[in-house]
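Below is one structure, written out as structure tokens, with a few remarks after it.
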Amino acid sequence: MKDMLHEITICAMTEADLEEILAIENDSYPLPWNRDHFLDELKSAHAFPLVALVSDGRIAGYICPYLLLEEGHILNVAVHRDFRGRGVGRLLVERVLRDCRAGGADYISLEVRPSNAAALALYRLLGFVETGRRRKYYENGEDAIIMEHIFEGEEAGDAV
Ligand SMILES: CC(C)(COP(=O)(O)OP(=O)(O)OC[C@H]1O[C@@H](n2cnc3c(N)ncnc32)[C@H](O)[C@@H]1OP(=O)(O)O)[C@@H](O)C(=O)NCCC(=O)NCCS
């Protein structure tokens, strides 16, 4: 199953990717981002949105992080349904951990639904720990779990 990872390249997201990204986004979330949300990330000075490209040119997944002073943050990460469970999500988050560490981040934060078992397992695997909750953060009244990966004690080269 995981033998496709050698076919994956992580690249900077461009506007030309947005049609495919929006199809993945709409299939992944009850309240998906629209085109303008992604355009804002592409224009932001602090954001560095990335895509995971398959060797045939298809987009397997994407991630929208930003780095502002000592804080990295992951706003969005999703993998195409057909490519889930093959390590693509892990590859994307690991890349952001490395880039933020190299850019001087002390920690990376994100929000996740308590019901999102796949995302919680992925983040825990990569050293994120729960640091708080935002009450009724999501459209269905669900809380958000705040998670952080803190780099303290890690060398820049060994962030995963
Ligand atoms: C969450 C998501 C990005 C994970 O991407 P993925 O490419 O399928 O994940 P990976 O294959 O890299 O999995 C890495 C690890 O995460 C955990 N994991 C992934 N999917 C899981 C699942 N369905 N159940 C339990 N653990 C899971 C496992 O620990 C896995 O490692 P393993 O395969 O060695 O056991 C993907 O499920 C997705 O796009 N979901 C919809 C969008 C979303 O919820 N995004 C997160 C918002 S906070």
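Values in this text are rule-based calculations from the coordinates and carry no lab data. Predicted model only: the values in this text are computed from it and were never measured. Cβ placement follows ideal geometry from the backbone for every residue including glycine, while neighbour counts extend to all protein chains displayed.
Summary of computed values
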| quantity | calculated |
| --- | --- |
| Additional length obtainable on full extension of the chain from residue 19 to residue 117, 0.36 nm per residue less Cα span | 32.5 nm |
| More than 14 Å apart - percent of Cα-Cα pairs taken over segment 86-160 | 61 percent |
| For segment 78-94, Karplus couplings with θ = phi - 60° (6.51, -1.76, 1.60), whole Hz, Gly/Pro x | 8, 10, 3, 3, 5, 10, 5, x, 10, x, 5, x, 4, 4, 5, 5, 4 |
| Extension gain, residue 140 back to residue 98 (0.36 nm per residue minus Cα-Cα distance, nm) | 11.8 nm |
| The chain: relative contact order as a whole-number percent, Cα under 8 Å and 6+ apart | 18 percent |
| In sequence order, calculated HN-Hα J values of segment 28-34 (Karplus, 6.51, -1.76, 1.60; Hz; x Gly/Pro) | 9, 10, x, 10, x, 5, 9 |
| Sites matching trypsin sites (Lys or Arg not before Pro) across segment 67-160 that sit in DSSP coil, with at most 11 neighbouring C-beta atoms within 10 Å | 135, 136 |
| For residue 107, residues with placed amide H under 5 Å, excluding near neighbours | 72, 151 |
| Under the Debye formula (equal points on every Cα, no solvent term), log10 I(q)/I(0) of segment 1-114 at q = 0.19, 0.21 Å⁻¹ | -1.01, -1.22 |
| Centroid-to-centroid separation of segment 1-62 and segment 99-160 [C-alpha atoms, Å] | 20 Å |
| Gain upon complete extension [residue 56, residue 40; 0.36 nm per residue less C-alpha separation] | 3.0 nm |
| Under Karplus coefficients 6.51, -1.76 and 1.60, residue-wise ³J(HN,Hα) of segment 118-123 in Hz, glycine/proline x | 5, 5, 4, 5, 4, 5 |
| Simple Cβ-charge dipole of segment 1-130, Lys/Arg +1 and Asp/Glu -1, about Cα centre, in debye nearest 20 | 460 debye |
